[in-house]
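Throughout, read-outs are computed from the coordinates displayed, never taken from laboratory work. Please read all numbers here as calculations on a predicted model, not as lab measurements. Here the Cβ positions follow ideal geometry from the backbone for every residue, glycine too, while neighbour counts run over all protein chains shown.
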Amino acid sequence: MPAHAETFRLNTRGKGTYEITEACQRIIAQSQVHTGTATIFVQHTSCSLVIYENADPSARTDLHSFFDHLVPENTPYFVHTHEGPDDMPSHLRMVLTRTSEVIPVMNGRLALGTWQGIFLFEHRRAPHTRSIVISVVGE
């Protein structure tokens, strides 16, 4: 069974969602796998991956607001704060989402729904360079 793995980097501008669907699809095409699965994994503990609405940006605005409300910065009982007030909230937001997604590959393409995109969800306020690994297996 053919397998292909590749890493790419994404520079973020701070908190928010960054669509990576096309970058992932390029790697799928290079893999020459027509039917199989792709595992997409982010190698960090203060950002995550989500499959989310990619047509209307206001859906992502609401997602950002929801997580700011759910895990606010400057929570007085957080102990792990040596990197700033967004340090512990970023780790908790990662735990509440995911660091990997497994997506079927059909006809050499990710089998995403019409309005689905893959996003890196950056939880830190400062810009970061994030590493994303894609592993594709199939035939």
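Which value, in debye to the nearest 20, gives the size of the charge dipole of region 1-102 about its Cα centre, when Lys and Arg are +1 and Asp and Glu are -1 at the Cβ?
240
Quick check: convex hull of the Cα atoms in the chain, volume per residue, rounded to a whole Å³?
98
Please compute the length gained on full extension between residue 65 and residue 112, using 0.36 nm multiplied by the number of residues separating them and subtracting their Cα-Cα distance.
Extending this stretch completely gives an extra 14.4 nm.
Which one of 91, 127, 78 has its Cα pushed farthest toward the positive end of the charge dipole of the chain, where Lys and Arg give +1 and Asp and Glu give -1 at the Cβ?
127
Please determine, in degrees from 0 to 90 and to the nearest 10, the orientation of helix 21-31 with respect to the longest principal axis defined by the Cα atoms of the chain, where the helix direction is its Cα long axis.
Roughly 30 degrees, rounded to the nearest 10.
For the modelled label position 7 Å from the Cα of residue 10 along Cα-to-Cβ, which residues of region 104-135 have backbone nitrogen atoms closer than 11 Å?
117-123, 130-133
Quick check: the angle from helix 87-96's long axis to the longest principal axis of the chain, C-alpha only, nearest 10 degrees?
40
Report, in deg cm²/dmol and to the nearest 500, the calculated mean residue ellipticity at 222 nm for the chain, where each DSSP H run with n ≥ 4 adds -39500 (n - 2.57) and the sum is divided by the residue count.
-8000 deg cm²/dmol
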